[in-house]
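Here the structure comes first, spelled out in structure tokens, and everything after it is commentary.
All of the numbers you see were taken from the coordinates with simple rules; none came from a lab. Every value quoted in this text rests on a predicted model; they were computed, and no experiment measured them. Because the Cβ atoms are built from the backbone with ideal geometry, glycine has one as well, and the counts that use them run over all protein chains shown.
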Amino acid sequence: MKKLLKISTKSPEETEEIGYNIGKSLSGGEIICMVGDLGAGKTTMTKSLARGLEIEDYITSPTFTIVNEYEGRLKLYHFDVYRIGDVEEMYDLGYEEYFYSDGVCIIEWSNLIEDILPKERITIEIKRGIDDNTRDIIIDGTGQKYEDLIKELNY
Ligand SMILES: Nc1ncnc2c1ncn2[C@@H]1O[C@H](COP(=O)(O)OP(=O)(O)O)[C@@H](O)[C@H]1O
Ligand SMILES: [Mg+2]
């Protein structure tokens, strides 16, 4: 039976370790959705995940564009759709070229574009915990590839 992976972290470094391990385990074509309030840790997690993909560039959230592209062991397409007005903007961008590529897509605020997300994906939800440095991280995978990937993280 499918199980959600729930991890509590007590520092940004602990969250980064999870991201790094996920990044290392990716083989291409994955969709990773990041959900959580402003300041939850979506970009923190994305940066460490990029390190796991051997990306050397400095990762910042795309602000004036919806997607930033990076090259490492695999290509990374980092979306932040927080400011998106309408899903239509994703069509204008040609999002399918990214979502159905050999690269890895990370989508911050993926809940805002729920309708166009592939059914098979990983969703990482980050919630603030009891104090400033605590986060509850819930990782859910839909599809065999993603369920296996989460199992192999060994948390
Ligand atoms: N356990 C933790 N995990 C992740 N980030 C944390 C944690 N504790 C504190 N933080 C801090 O919270 C902030 C998260 O910011 P950011 O990753 O930009 O959030 P988001 O992209 O979700 O808006 C960072 O300043 C980070 O250092
Ligand atoms: Mg962010």
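See the values below:
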read-out: For the chain, built as a Gaussian network whose Cα springs stay under 10 Å, the top-fluctuating residue of LEU74, LEU93, LEU53; value: LEU93
read-out: Most mobile of ASP102, ASP136, ASP115 in a GNM of the chain (Cα contacts under 10 Å); value: ASP115
read-out: Cα gyration tensor, the chain - rounded (a/c under 1.5), prolate or oblate; value: rounded
read-out: Trypsin sites (Lys or Arg not before Pro) within the range 111-155, DSSP loop, no more than 10 other Cβ atoms inside 10 Å; value: LYS119
read-out: The range 16-76: GluC sites (Glu not before Pro) in DSSP loop, at most 10 other beta carbons within 10 Å; value: GLU56
read-out: Pairs from LYS3/LYS75; LYS2/LYS42; LYS3/LYS145; LYS47/LYS127; LYS119/LYS145 whose Cα-Cα separation, in the structure shown, is over 22 Å; value: LYS3/LYS75; LYS2/LYS42
read-out: Of ILE84, ILE107, ILE139, the one that fluctuates the most in a GNM where the chain has Cα springs shorter than 10 Å; value: ILE84
read-out: Loop trypsin sites (Lys or Arg not before Pro), the range 52-92, which have at most 13 other Cβ atoms in a 10 Å radius of their Cβ (DSSP); value: ARG83
